[in-house]
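Student: Just passing along the structure, written as structure tokens.
The values are calculated or read from the model by the stated rules, or taken from the named source; none is laboratory data. Just so you know, these numbers come straight off a predicted model, no measurement behind them. Positions of Cβ are backbone-derived with ideal geometry, glycine not excepted, and every protein chain shown enters the neighbour counts.
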Amino acid sequence: MNDQALVAGITALLGVAVYLYIGIRLARRTVSPEARLPAMQFAAFWIGIGASSALGGILSLIAVVQTPPLALVVAFLYYQLAVICVALWGLVSYLAYLYTGRDLIVPITVLYVLEYALLTYYVSAGFPDRVSVTYGSVNPVYATTVSGLLVAVPILLLVFPELIAALAYFRLFFRTRDRTVRYRIALVSWGILAWFLLDFLNLGNDSGGNLFWLAVGRSLSLIAALVVLLAYYPPRMIRDRYQIARIA
Amino acid sequence: MTGRPGLVAVLAVTAAVAENRPAPESEARAYFDVSPSAQFLLDPDLRIRAANQAAARLFASKDGSLVGRAFGDLLANSSRSSGTQLFALLATPDAPGHRVAVEGVTAQGLSFPVELVGFRLSASVSGGFGAVLRDLRDPAPTRTPSPIVATEAYTLAELLMANRLRELV
């Protein structure tokens, strides 16, 4: 039995529950007709993050008992890329609406369809030929190292919009005096930023295989998700003391 | 607001106003910001809620923002009562706007002659006031579309954004 994969799988699935809960609650919010689409796009971001984490968690749980077959790992990678593109499309579209009041769905959709096409090309061109399970994370190993603009562009498009979007979200803090709005913006933007940075740094890989530190490294992402949950469901003490409302 | 939005933004807002339709928010903000007159949005208690770049150039200290300051602080002591009276007159429903010549005080403490135009913002937009301070030392003031329109447009843009944040954050 692979204990590291068990830790990675369980922490990933705990995060999934938080992301899906946030996404579903945001999707059910009552908003005006013109805000319906951006509200759903923001919900799609959280549900997409949850779906991506679920796919990774499922692969890790399979790896507890056996190395998942290559076809399954590659198929899951394509699914993950799709849901991440949808999630980022949702986040960027939502922020564009908040900032401009305009629905920029066409250019942003074109951007992320192109992004998905480039990412899938990158995976195919690398000829994945086996599977590695490292500290509980399951990934394909590529026979060919692909380099050049066709790789750099989609990877930059995958990493930077998230960071820029989180910082852009935080800038909204200074555009309002509403306590509840400020509280949510602060927690959600830094929660998103922390989650992406932790995902990018993958601190579990620095654990050297130590189960405790692996669990700590993986749990940091879960804490970032819980911070976002607190943004929408502040404890009673915070609600009473600072007159901050929970999500309707 | 940063940058220097050009003629296109001003024309777009002017055209929108002429056609009696709302201007796009970003253009409305640009229109307010690019105005050569110092323009302000004031709370009902005459605290500054927003100020454009011309106002910041004229009145803001290097490290300070104008937002939150009392509008009266921008006027010389001898002119404050005239300024207060002007806004008091705006409380009556049939007085949409007034103007008066007063003395302004720069960030460096120098006083200079200005024309203060005060107006009540539309009830649908805000309960506060708009104010314009035109530097009378300027021998040939630039002809621009109404600063009242610019301030109303900016206020509306701010209000729309505040509503979006309340609804969607």
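Student: Could you list, in sequence order, all residues of the stretch A:25-39 that are within 11 Å of chain B (Cβ to nearest Cβ), more than 18 Å from A:SER189 (Cβ to Cβ) and assigned to a helix (DSSP H, G or I)?
Tutor: A:GLU34, A:ALA35, A:ARG36, A:LEU37
For every residue, the table says whether it meets (1) in contact with a Lys or Arg (Cβ under 7 Å, 6 or more places away or on another chain); (2) in a helix (DSSP H, G or I); (3) modelled with pLDDT of 85 or more.
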site: A:LEU156; (1), (2), (3): no, yes, no
site: A:LEU167; (1), (2), (3): no, yes, yes
site: A:TYR183; (1), (2), (3): no, yes, yes
site: A:LEU198; (1), (2), (3): no, yes, no
site: A:TRP213; (1), (2), (3): no, yes, no
site: A:ILE223; (1), (2), (3): no, yes, yes
site: A:LEU229; (1), (2), (3): no, yes, yes
site: A:ILE244; (1), (2), (3): yes, no, yes
site: A:ALA248; (1), (2), (3): yes, no, no
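Student: Still on this model: What do you reckon, is A:TYR78 hydroxyl-bearing (Ser, Thr, Tyr) and modelled with pLDDT of 95 or more?
Tutor: Criteria met by A:TYR78.
Student: Checking A:VAL146 against (1) within 14 Å of another protein chain (Cβ to nearest Cβ); (2) in a loop (DSSP other than H, G, I, E, B), only one condition comes out false. Which one?
Tutor: Looking at each condition in turn, A:VAL146 falls short on (1).
Student: Please determine, by comparing only the residues of the stretch A:169-181 that are assigned to a helix (DSSP H, G or I) and touching a helix residue (DSSP H, G or I) at 6+ places or on another chain (Cβ under 7 Å), which one is nearest to A:PHE42 (Cα to Cα).
Tutor: We begin by selecting, within the stretch A:169-181, every residue assigned to a helix (DSSP H, G or I); these are A:169-175, A:179-181.
With touching a helix residue (DSSP H, G or I) at 6+ places or on another chain (Cβ under 7 Å) added as a condition, the list becomes A:169-170, A:172-173, A:175, A:179, A:181.
On the way: A:TYR169: 12, A:PHE170: 15, A:LEU172: 15, A:PHE173: 17, A:ARG175: 19, A:ARG179: 21, A:VAL181: 15 Å.
Per the stated criteria, the residue is A:TYR169.
Student: Being out of contact with any Lys or Arg (no Cβ under 6 Å at 6 or more places or on another chain), crowded, with 18+ Cβ neighbours inside 10 Å and within 14 Å of A:GLN41 (Cβ to Cβ) is the filter here; which residues of the stretch A:91-107 pass it?
Tutor: Residues satisfying the conditions are A:LEU91, A:VAL92, A:SER93, A:TYR94, A:LEU95, A:ALA96, A:TYR97, A:TYR99.
Student: Check the stretch A:128-142 and report whether any residue there is surrounded by 14 or more Cβ atoms within 10 Å (Cβ to Cβ), closer than 21 Å to A:LEU91 by Cβ and in contact with a helix residue (DSSP H, G or I) (Cβ under 9 Å, 6 or more places away or on another chain).
Tutor: Within the stretch A:128-142, none of the residues are surrounded by 14 or more Cβ atoms within 10 Å (Cβ to Cβ), closer than 21 Å to A:LEU91 by Cβ and in contact with a helix residue (DSSP H, G or I) (Cβ under 9 Å, 6 or more places away or on another chain).
Student: Surrounded by fewer than 16 Cβ atoms within 10 Å (Cβ to Cβ) and out of contact with any strand residue (DSSP E or B) (no Cβ under 8 Å at 6 or more places or on another chain): does that describe A:ASN210? Don't jump to the end; show me each part of the working.
Tutor: Numbers: surrounded by fewer than 16 Cβ atoms within 10 Å (Cβ to Cβ): yes; out of contact with any strand residue (DSSP E or B) (no Cβ under 8 Å at 6 or more places or on another chain): yes.
Considered against the rule, which asks whether it is surrounded by fewer than 16 Cβ atoms within 10 Å (Cβ to Cβ) and out of contact with any strand residue (DSSP E or B) (no Cβ under 8 Å at 6 or more places or on another chain), A:ASN210 comes out as yes.
Student: Pick from the stretch A:80-126 the residues that are touching an Asp or Glu at 6+ places or on another chain (Cβ under 7 Å) and away from chain B (no Cβ under 14 Å): which of them is nearest to A:VAL151 (Cα to Cα)?
Tutor: Of the residues in the stretch A:80-126, the ones touching an Asp or Glu at 6+ places or on another chain (Cβ under 7 Å) are A:85, A:88, A:97, A:100-101.
Now narrow it down to the ones that are away from chain B (no Cβ under 14 Å): A:85, A:88.
Details: A:CYS85: 16, A:LEU88: 18 Å.
Looking at the filtered set, the residue picked out is A:CYS85.
Student: Also, quick follow-up: I'd like the residue in the stretch A:162-189 that is in contact (Cβ under 8 Å) with a residue 12 or more places away in the chain, surrounded by fewer than 18 Cβ atoms within 10 Å (Cβ to Cβ) and under 16 Å from the mean Cα position of the chain (by Cα) and, out of all such residues, is farthest from the other protein chains (Cβ to nearest Cβ).
Tutor: Taking the candidates together, the pick is A:LEU163.
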